[in-house]
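Written out below as structure tokens is the structure these notes cover.
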Amino acid sequence: MSSEKILVIGGAGYVGSHFVRYALHEGLEVSVADNLSTGHRSALRGTAFFQFDLTGSDALLQHLSRNRYAAIFHFAASCLVGESVEKPDLYYRNNLIAAYNMLEAMRATNHDRVIFSSTCAVYGAPQRLPLTEDHPKQPISPYGRTKLAIEWMLEDYHRAYEIRSASLRYFNAAGCEPQDGLGEDHRPETHLIPNVVRYALRLTNDLVIFGDDYPTPDGTCIRDYIHVTDLAEAHIKAMAKMDHNPLIRMNLGTGAGLSNLEIVSAVSRVSGVKLSPKMGPRRPGDPPELVADPSLAFRELDWKPSRSNIEEIVRQALQWFSEHPSGYPD
Ligand SMILES: NC(=O)c1ccc[n+]([C@@H]2O[C@H](COP(=O)([O-])OP(=O)(O)OC[C@H]3O[C@@H](n4cnc5c(N)ncnc54)[C@H](O)[C@@H]3O)[C@@H](O)[C@H]2O)c1
């Protein structure tokens, strides 16, 4: 891989910081832009850092006028499904308006490649499984709707202005790289694995599983967990693929699902701690099962997740939280 220059917006966040680590290993020259609203300054090392907010229309435009990038990676977003139902204004502003600002700044400065963090939430409640890319898109939360609207914006900007894009629809991002000081530290944390691991380490007193009466074998929700470094690898491959395919939209998952109780068992097995979660009511808008058909990405990107083993993911989370019980310092 050449020493191309890339800009990573949202690179101080969970997925973004792991992508930055991987891109640096690949020999890319990385700059990060982030407003640090949910990201962590201490998750970044070895990159230029620019602190600005994408919802301001001018900062990125000024930056792109002075710097030239081979591609822009857009991880920045608000991404809590429940919060998006209560405060849709925040989501339309921080996701949709911010993406519009980015595309306009790219257009004005002749930057023509963007890799966008999309989500399986664009599909809504599955009508069939596993989810293929042509499944109907009926997102059920403002979060999912803003992500789908950005995908549409990217299609239209390609047709009209020849901006190339890859919309990568992640399933559940998981895992970390504790040997390089990188972990998962969302506040609040709504993801299952870090919450179960924190409970096993007695960093939190409560563990609630939301619903055990779903039509699944053990009654709890099933999700497809993909390692963040597998996601990172797919992003680099998607950037290369854009030379030949200017409009990429694909799932990034493993194709296999694990139930919430299977995650609890895995943490129990790896940590050696017996865990007894409480059973709570269902969370509104949680489909029983979300599992990717990742065959398009396997074929088109010549990519396969090689790091998404659940026990390894749990081991990494246990190591990171043991070493950083309060998360990142800043
Ligand atoms: N984590 C997952 O399981 C998952 C699944 C599907 C999709 N995604 C998508 O992946 C992306 C990254 O998710 P994450 O879990 O790393 O989230 P995160 O909150 O850890 O990271 C988002 C980063 O973007 C920054 N940011 C937010 N708004 C900004 C703005 N207006 N200007 C500049 N910077 C801004 C934050 O400070 C943070 O560093 C998001 O777009 C999310 O929707 C994540």
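Got the relative contact order for the stretch 250-307 handy, in percent, Cα pairs under 8 Å and 6 or more residues apart?
The value is 60 percent.
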| field | Value of [θ]222 nm, deg cm²/dmol, for the chain, DSSP H segments ≥ 4, -39500 (n - 2.57) each, nearest 500 | value | -10500 deg cm²/dmol
| task | Using only alpha carbon pairs under 8 Å that are at least six residues apart, calculate the relative contact order of the stretch 128-282 and give it in whole percent. | result | 32
| What nm value, rounded to one decimal, do you get for the distance between Q179 and N245 when each label is placed 7 Å out toward the C-beta? | 3.1
| request: Would you mind checking the stretch 23-43 for residues with the amide N under 19 Å from a putative spin-label position 7 Å along Cα→C-beta of L201? | output: 39-43
| query | Helix 228-241 sits at what angle to the longest principal axis of the chain, using alpha carbons and giving 0 to 90 degrees rounded to 10? | reply | 30
| note | Computed over the chain, protein heavy atoms only, probe 1.4 angstrom, the accessible area per residue in square angstrom equals 42
| task | Tally up the carbon and sulfur contribution to the accessible surface of the chain as a whole percent, 1.4 Å probe, everything protein left in place. | result | 49
| task | Pop the C-beta distance of S3 and D134 into the FRET formula with R0 = 30 Å and round what comes out to the nearest 0.05. | result | 0.20
| task | Between F49, F116, F19, find the one with the highest GNM mean-square fluctuation for the chain; connect C-alpha pairs within less than 10 Å. | result | F49
| query | How many nm is it between the label spots at R68 and R282, if each spot is 7 Å from the Cα in line with the beta carbon? | reply | 5.5
| request: Enumerate the amide H contacts of F50 below 5 Å, restricted to partners 5 or more residues apart or on another chain; note that Pro and chain-start residues carry no placed amide H. | output: V32, A33, D34
| query | Direction-averaged shadow area of the convex hull around the Cα atoms of the chain, nm²? | reply | 15.5
| If you count the DSSP beta bridges with both ends in the chain, what percent of them are antiparallel, to the nearest 5? | 5
| Calculated from backbone phi, Karplus (6.51, -1.76, 1.60) coupling profile of the stretch 54-68 in Hz, x at Gly/Pro | 6, 7, x, 6, 9, 4, 5, 4, 4, 5, 6, 5, 9, 10, 10
| At q = 0.12, 0.14 Å⁻¹, what base-10 log of I(q)/I(0) does the Debye formula yield for the stretch 1-90 when every alpha carbon is treated as an equal point scatterer in vacuo? | -0.38, -0.50
| note | Classified through the alpha carbon gyration tensor (a ≥ b ≥ c as square roots of its eigenvalues; rounded if a/c is under 1.5, else prolate when a/b is larger than b/c, else oblate), the stretch 25-70 comes out oblate
| said: Can you tell me the length gained on complete extension of the stretch S42 to S295, counting 0.36 nm per residue apart and subtracting the Cα distance? | reply: 87.5 nm
| 3J(HN,Hα) from dihedral phi, the stretch 129-145, Karplus parametrisation 6.51/-1.76/1.60, rounded to Hz, x for glycine, proline | 10, x, 7, 9, 5, 8, 4, x, 9, 9, x, 9, 10, x, 4, x, 5
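The values are calculated or read from the model by the stated rules, or taken from the named source; none is laboratory data. Small disclaimer: the values here were computed from a predicted structure and weren't measured. Neighbour counts are summed over all protein chains in view; Cβ atoms, including those assigned to glycine, are modelled from backbone coordinates with ideal geometry. Areas reflect the complete protein model, heavy atoms only, side chains present, ligands, DNA and RNA absent. Shrake-Rupley method; radii C 1.70, N 1.55, O 1.52, S 1.80 Å.
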